[in-house]
Amino acid sequence: MEVNQTAFVSPTANAPYSFAQPLPFIERILDQVNFWSICLTLLLLAVTYDQFSYKYQKHGIVGPAWKMPFIGPFLESMRPDFRKYQAKWDSGELSCVSVFHKFVIIASTRDMARKIFNSPAYVKPCVVDAAYKLLRPTNWVFLDGKAHVDYRKGLNGLFTRQALEMYLPGQEEVYDKYFKEFVRISQEEAQGQPKAFMPVFRELMCAVSCRTFVGHYMSEKVVKKIAHDYYLITAALELVNFPIILPFTKSWYGKKAADMVLDEFAKCSAKAKVRMAAGGDVTCIMDAWIKQMQDSTKYRERIAKGEEVDASEKPPQLLRDFTDWEISQTIFTFLFASQDATSSACTWLFQLMSDRPEWLNKVREENLRLRGGDRNARFTMDLLESMVATRAVVKETLRYRPPVIMVPYLVKKDFPVTSNFTAKKGQMIIPSVWPATHDAEAYPDPHSYDPERWITGNADEQVKNWLVFGTGPHYCLGQTYAQMNLIAMIGKASMFLDWKHHPTEQSEEIEVFATLFPKDHCKLVFTDRDE
């Protein structure tokens with residue numbers, strides 16, 4: 001019997017294939033997907049992440065409710081406003097901002113600032129992102145532990161009283177030259193009219209620093225170039241800057257200037273090593289440091305030969321030999337620490353003394369009296385240390401207008417700053433100096449310039465508030481040098497120069513350019529002072 005094959009065919013065998021169709025709204029979305037919509041979606045996700053990351057990091061401290069996407073207050077920080085810094089300090093013990101990828105915590109109170117300064121296990125100096133590129137990441141100021149100690153034990157000896165006295169002739173030589181230049185600029189270039197002297201003071205302080213640090217190994221032409229180009233380095237090292245070195249940005253120009261300075265200091269080091277090996281006299285910091293190295297090498301060689309060396313012949317510190325490049329980087333940090341800070345203090349000193357002639361007269365009288373009436377008597381440490389009024393005006397200037405108002409640190413590991421807030425590894429935390437030096441409990445009427453507080457008052461007892469040079473393991477090595485330098489400068493100027501300040505509406509307003517300056521850049525006229 002023949003089988004009917006068609007009887008076994010599925011009734012759906014010839015039916016057309018059918019798939020589930022997408023829902024209408026999904027279909028519409030997929031139809032609209034293109035390159036730009038994907039980019040917009042990713043951007044929105046990135047902005048959302050950036051905002052929530054900021055909110056999460058600021059939990060528990062004062063700060064803007066929201067962050068401008070990605071850049072934060074970067075554009076605002078291109079022209080720093082001192083009043084906004086004050087607002088941050090007044091807003092609470094801890095406050096914050098977030099710029100680009102960096103979350104920044106600002107500590108306002110004296111005790112909080114001291115806690116950060118004294119917590120090397122949690123933080124290390126970082127200055128700003130660009131500093132690693134300009135100063136170099138191998139620079140001693142960025143090192144920790146034994147590597148840092150190896151440098152510091154040799155550098156401490158460069159700022160002893162005995163060492164500082166050896167540098168005085170070079171410093172006085174620079175002052176003699178530049179005080180004549182002040183008068184020439186006022187009378188010949190400015191024709192007796194007021195001129196902004198802040199740039200001239202910056203050159204003066206650069207010349208003094210270079211002569212102190214590297215003696216006569218550097219020509220005056222190079223000193224002038226460094227003084228001019230250091231503006232570029234300062235601009236590149238502003239607290240907030242573009243995080244990547246791109247051509248023709250501030251960081252790019254600053255890097256080029258830093259390369260030049262490092263190269264010049266390395267040349268000086270090579271010359272100093274030859275001169276010190278030949279038995280030359282120590283006249284600058286570089287000489288003194290290299291002589292310590294060479295003395296240490298000679299001592300080790302004698303010991304290695306089996307000689308019995310008397311203990312009195314052992315160098316105070318046994319140092320390793322540092323390369324010209326290592327020495328150059330270190331001297332550059334001295335210039336970095338001194339240039340802007342002393343330029344600021346110098347500018348304010350000349351302005352404040354002119355505006356307060358009673359104190360200028362006290363300084364002048366003291367300097368002449370201690371020299372026995374001979375204004376040509378040269379600097380000595382005994383002379384500088386005996387100046388009561390001159391020291392008071394310098395100390396009060398540093399308190400009243402502290403050159404460095406904040407010191408950036410990098411958090412190395414999670415740091416329990418308070419019981420309610422922990423700074424996370426990689427964040428920046430900044431102890432502030434200004435609030436401590438303007439604390440009414442430590443310095444009554446803190447916003448008035450009153451040198452008398454250092455003579456008959458108890459200002460010297462307020463050591464916890466005196467954060468002008470920092471505190472803790474990374475305190476400023478050159479604090480005595482800086483103060484003696486300023487005492488010497490204003491004391492000598494008082495005897496040889498007369499100057500008149502021409503105030504403007506901006507004379508008392510503060511400009512922040514790494515350090516603090518009068519906004520009008522201190523308009524003065526200098527004349528020679530007869531004996």
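The values are calculated or read from the model by the stated rules, or taken from the named source; none is laboratory data. Keep in mind that this is a model prediction, so the values were computed, not measured. Positions of Cβ are generated from backbone atoms using ideal geometry, with glycine treated the same way; all protein chains shown enter the neighbour counts. Note: areas computed on protein heavy atoms with side chains; ligands, DNA, RNA excluded. Shrake-Rupley method; radii C 1.70, N 1.55, O 1.52, S 1.80 Å.
Descriptive notes on the structure:
- Of note, LEU368 satisfies the criterion of being among the hydrophobic types (A, V, I, L, M, F, W, C), open to solvent by 20 Å² or more (accessible area, probe 1.4 Å) and in contact (Cβ under 8 Å) with a residue 60 or more places away in the chain.
- Checking each residue in the stretch 439-464 for being open to solvent by less than 30 Å² (accessible area, probe 1.4 Å) and in a loop (DSSP other than H, G, I, E, B) picks out ALA442, TYR443, PRO446, TYR449.
- Subset tally (residues that are within 25 Å of SER209 (Cα to Cα), surrounded by fewer than 21 Cβ atoms within 10 Å (Cβ to Cβ) and of a type in the set (Lys, Arg)) for the stretch 493-531: 1
- Those residues of the stretch 177-220 which are free of Cβ contacts under 8 Å to residues at least 12 places away in the same chain and open to solvent by less than 50 Å² (accessible area, probe 1.4 Å), in sequence order: none
- Helices (runs of 4 or more DSSP H) lying entirely in the stretch 22-89 (those with 1 or more residues that are at pLDDT 75 or above and among the β-branched types (Val, Ile, Thr)): 35-57
- Qualifying position, being in contact with a strand residue (DSSP E or B) (Cβ under 7 Å, 6 or more places away or on another chain) and either open to solvent by less than 10 Å² (accessible area, probe 1.4 Å) or assigned to a helix (DSSP H, G or I) (or both), among ASP340, ASP382: ASP340
- Checking LEU360 against (1) open to solvent by 60 Å² or more (accessible area, probe 1.4 Å); (2) assigned to a helix (DSSP H, G or I); (3) of a type outside the set (Ser, Thr, Tyr); (4) within 20 Å of PHE182 (Cα to Cα), the condition it does not meet: (1)
- Among (1) more than 19 Å from the chain's Cα centre (by Cα); (2) crowded, with 20+ Cβ neighbours inside 10 Å; (3) of a type in the set (A, V, I, L, M, F, W, C); (4) part of a loop (DSSP other than H, G, I, E, B) - the single one LEU467 does not satisfy: (1)
- Within the stretch 62-79, residues that are closer than 12 Å to VAL99 by Cβ and of a type in the set (Gly, Ala, Ser) reach partners that are modelled with pLDDT of 65 or more and in a loop (DSSP other than H, G, I, E, B) with beta carbons closer than 7 Å, at six or more positions or on different chains, in the pairs GLY72/PHE100.
- Among the residues of the stretch 385-407, those that are part of a helix (DSSP H, G or I) and aliphatic (A, V, I, L, M) comprise VAL388, ALA389, ALA392, VAL393, VAL394, LEU398.
- Single residue of the stretch 408-448 satisfying the filter (over 23 Å from the mean Cα position of the chain (by Cα) and small (Gly, Ala, Ser)) that is farthest from MET112 (Cα to Cα): SER448
- Looking at PRO403, PRO408, just one residue is at pLDDT below 95, in contact with a helix residue (DSSP H, G or I) (Cβ under 8 Å, 6 or more places away or on another chain) and open to solvent by less than 50 Å² (accessible area, probe 1.4 Å), and that residue is PRO403.
- Within the stretch 100-121, if we keep just the residues that are within 28 Å of VAL47 (Cβ to Cβ) and more than 19 Å from the chain's Cα centre (by Cα), the residue that is surrounded by the most Cβ atoms within 10 Å (Cβ to Cβ) turns out to be PHE103.
- Taking the stretch 149-176 as the range and being more than 18 Å from GLN479 (Cα to Cα), in contact (Cβ under 8 Å) with a residue 60 or more places away in the chain and crowded, with 17+ Cβ neighbours inside 10 Å as the test, the residues that pass are GLY170, GLU172, TYR175.
- Given (1) among the basic types (Lys, Arg); (2) at pLDDT below 95; (3) assigned to a helix (DSSP H, G or I), number of the condition LYS273 does not satisfy: (2)
- Filter result for the condition that a residue is in contact (Cβ under 8 Å) with a residue 40 or more places away in the chain and within 25 Å of HIS101 (Cβ to Cβ), over THR390, THR418: THR418
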